[in-house]
Amino acid sequence: MNSKTIILSVLMLASMSAFAQKQYTLQSPDGKITVTVSEEEVVEMNSEQSEYWLYYSVKHEETVVLDKSEIAMQIDNGKTLGVSSKPSITSAKTKSVNQTVKAPFYKRAEIHEQYNELTLSFKGNYKVIFRAYDEGVAYRFQTDFKKPFKVVRETAAFNFDEDYTAWIPYVNAQKGDSDFIQQQFFNSFENTYTVTPLSKMEQDRLAFLPLLIELKDGKKAVITEADLEDYPGMYLRNSLGLKNLHAVHAGYPKTEEQGGHNNLQYLVKERESYIAKVKGKRSFPWRCLIISENDKDLADSDLVYLLASPSRIEDVSWIQPGKVAWDWWNAWNVYGVDFKADINNDTYKYYIDFAAQYGIEYVILDEGWTVNKQADLFQVVPEIDLEELVHYGLERNVGLVLWAGYAAIDKDMERVCQHYSDMGIRGFKVDFMDRDDQKAVEFYYRMAETAARHELFIDFHGAYKPTGLNRTYPNVLNFEGVYGLEQAKWDNHSDLVTNEVTIPFIRMVAGPMDYTQGAMKNANKHNFAAIYTEPMSQGTRCRQLAEYVIFESPFNMLCDSPSNYLNEDECTQFIATVPTVWDETVVIDGKVGEYLVVARRKDFRWYVGAITNWEERDLVVDLSMLPNFGAKSGHIFRDGPNANRSARDYVSETVQAMGNKVKLHLAKGGGAVMIF
């Protein structure tokens, strides 16, 4: 599929007039959201030819969320699902579900799931299923064909009634000599957000998901997808400069070659004219709209998790989330030692000793432990004795995790997982996929399943956004797909502070994110500098602490050098003991791009984190929103009186919950965290 095909399709629809036929409506359990579905006769202008197209629209009370938008799927036999020469809906069935979903390794132990569902059956043995939750809507195709088939193109339109402002995560790519649209299918799914009216979107740029639309009445909608399995990921594009978005998918890889970063990637040299080849009987990914009346509700959405396929791992008792001492961000930069710090056993024993001292569960060996550019996970550099390190860690109750490039682990996945699981390795950080075409998505599921059989957990980097794989395979603990703190090593221009108060309302809606916070070197807006080997964060020390509560991250990095943490014992004690999975979560307050206050409970202890943008801010945190909260006092880490000058300045003291309310003052780029 190329850009010309997409534009012609959109122009064709724009040149037709539709005549309403029978409509079907579906409401959310609270009655606020209404989905209207119709099969409508569409007559091409200046022609007597007509077709019947499937449309849907969404309202939240009186607010139009989505104007009438097309749904279709063109397949390889010349047929298009959702489009026919005559009305083709044969039945419409509804049902309601009200249940509790258990959620291991998540932001709450249980999720109350309640929705209403409409299933439309069509001639030709396929269905389109719609669901309405109180927090949003979703739809998906379902086929029941006897033979496999190819999907040539999917039409997923998002048409709006006004030229709304959008938060756009453009694919971060530079125009080259090749087709720019095709070029953008190879990317790391990392960028800051461009805030712009829909009509001002760059017409030749793709946006990855999730994407945020600001509606009327203070309401917002996030567009994303869920249960993405054996199918390419969805991008959004505005190719006509109107108030509409439409889906774009990468073509199926026709030819690939190994290359890219250190020879660890598969580079697609040519793509097929179709996007997927699939089984005849299957369900397709959900297209989702998460809808909020208040910004803070977006930061607490469960919709993607609920729409994912249930767990395929019966016994999850071996999966142990936790924190990990990380080597790469701090460039193995330890000091005050009697050995040369580098990728060697002495350095990693130092990391293990540090982790053991603070009860940190894991140490990771990031890129560099195998011979460079060989893409062979059995070629360990001579400076590393893995078996000795595993044994050293086990004696100290510290597990080891290994970094692995995409091509290196894919070419011998079963043997790699067997070998390192037998050795005692606990998991893999798998990196540099940088694609979400059908073959790449298939790799994620195959990697998750293979790792699970060998009792290994996975942290996906160089990864597309979560779509619920962490529910289907709970051994997948985390995902990157976020413009994270690693950028502070080389990016002098991006505003990471504003990014950090934006991503919880957009990217985190899709699922957990490996932002890799925990910097002990902190800088304000004017004295930040990107230093590759001795990096620092933007914003205050307390901001870094608060982000362990704010960000969802079951496998959570300590990004800085153990030497720096040892010099900051009080902060390190907090980071080491803060949980990574939770029994309960309550988002207390927040506004996209400005600030956020989140409370999370583990057992009998509540943690409350708050962060702001570059504006100094006074907040009143209402703890009465927390169920069964009865604490009169707790402990707080807050920005010190000089935090606007020296970002490391903080105060650690007792805090009183007077009338279940706490007043907070946050410095510029600041934060606070409270424990009750």
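The values are calculated or read from the model by the stated rules, or taken from the named source; none is laboratory data. Since the structure is predicted, the reported quantities are computational estimates derived from the model, not experimental observations. Counting neighbours? That spans all protein chains shown, and the Cβs are built from the backbone with ideal geometry, glycine included. Just the protein is used for accessible areas: all its heavy atoms, side chains included, with ligands, DNA and RNA removed. Shrake-Rupley method; radii C 1.70, N 1.55, O 1.52, S 1.80 Å.
The amide H of Lys323, built 1.01 Å from its N in the peptide plane, has Glu361, Tyr362, Asn556 as neighbours under 5 Å, considering only residues 5 or more places off or on other chains. Distances between placed amide hydrogens fall under 5 Å for Phe457 paired with Gly427, Phe428, all partners being 5 or more residues away or on another chain. Counting charges near Glu395 (Lys, Arg +1; Asp, Glu -1) among other residues having Cβ under 14 Å from its Cβ returns a value of -1. The alpha carbons of region 469-533 occupy a box of 44, 25, 17 Å along the principal axes, longest dimension given first. Descending by average beta-carbon neighbour count within 10 Å, the peptides 523-531, 428-436, 362-370 line up as 428-436, 362-370, 523-531, the highest first. For region 635-648, backbone phi angles converted through the Karplus equation (6.51, -1.76, 1.60; θ = phi - 60°) give residue-by-residue couplings of 10, 10, 10, 10, 4, x, x, 10, 5, 6, 9, 10, 5, 7 Hz, Gly and Pro being listed as x.
Taking all Cα-Cα distances within region 278-410, those exceeding 23 Å account for 54%.
The value of relative contact order for region 537-611, using C-alpha pairs under 8 Å at least six residues apart, is 33 percent. What whole-number distance in Å separates the alpha-carbon centres of region 529-553 and region 340-380? Answer, in whole Å: 22. Roughly what % of Cα-Cα distances in region 434-587 sit above 18 Å, to the whole percent? In whole percent, the share of Cα-Cα pairs in region 434-587 beyond 18 Å is 61. Computed from phi, the 3J(HN,Hα) profile of region 125-142 under the Karplus parametrisation 6.51, -1.76, 1.60 (θ = phi - 60°) reads 6, 9, 9, 10, 10, 10, 10, 10, 9, 5, 9, x, 10, 7, 9, 8, 7, 9 Hz, with x in place of Gly and Pro. Spherically averaged projected area of the convex hull of Cα atoms, region 226-317: 11.2 nm².
Please report the relative contact order for region 254-313, taking Cα pairs under 8 Å with a sequence separation of at least 6, and give it as a percent rounded to a whole number. Once normalised by length, the contact order is 19 percent. In this structure region 377-447 gives 36 Å² per residue of accessible area when probed at 1.4 Å with all protein chains present. Labels on offer are [x] 33, 31, 25; [y] 42, 30, 23; [z] 40, 30, 27, and the one holding semi-axes √(5λ) of the Cα gyration tensor in Å computed from this structure is [y]. Rounded to the nearest 0.05, the FRET efficiency derived from the C-beta distance between Lys525 and Lys175 at R0 = 41 Å is 0.85. Quick one: which of Lys59/Lys216; Lys281/Lys439; Lys22/Lys146 span more than 23 angstrom between C-alpha atoms? Pairs exceeding 23 Å: Lys22/Lys146. Between amide H atoms placed 1.01 Å from N, distances below 5 Å from Ile531 occur with Met536, all of them 5 or more places distant or on a separate chain.
How long are the three semi-axes of the equivalent ellipsoid for region 75-173, computed from the Cα gyration tensor as the root of 5 times each eigenvalue, in whole Å, largest first?
Over the Cα atoms of region 75-173, the ellipsoid semi-axes are 29, 23, 16 Å.
Here the spin labels are modelled as points 7 Å beyond Cα on the Cα-Cβ line, and at Val337 and Lys216 they lie 6.2 nm apart.
For the chain, the relative contact order is 11 percent, taking Cα pairs closer than 8 Å that sit 6 or more residues apart in sequence and dividing their mean separation by the residue count. Looking at region 535-676, the pairs of alpha carbons with a distance over 17 Å make up 57% of the total.
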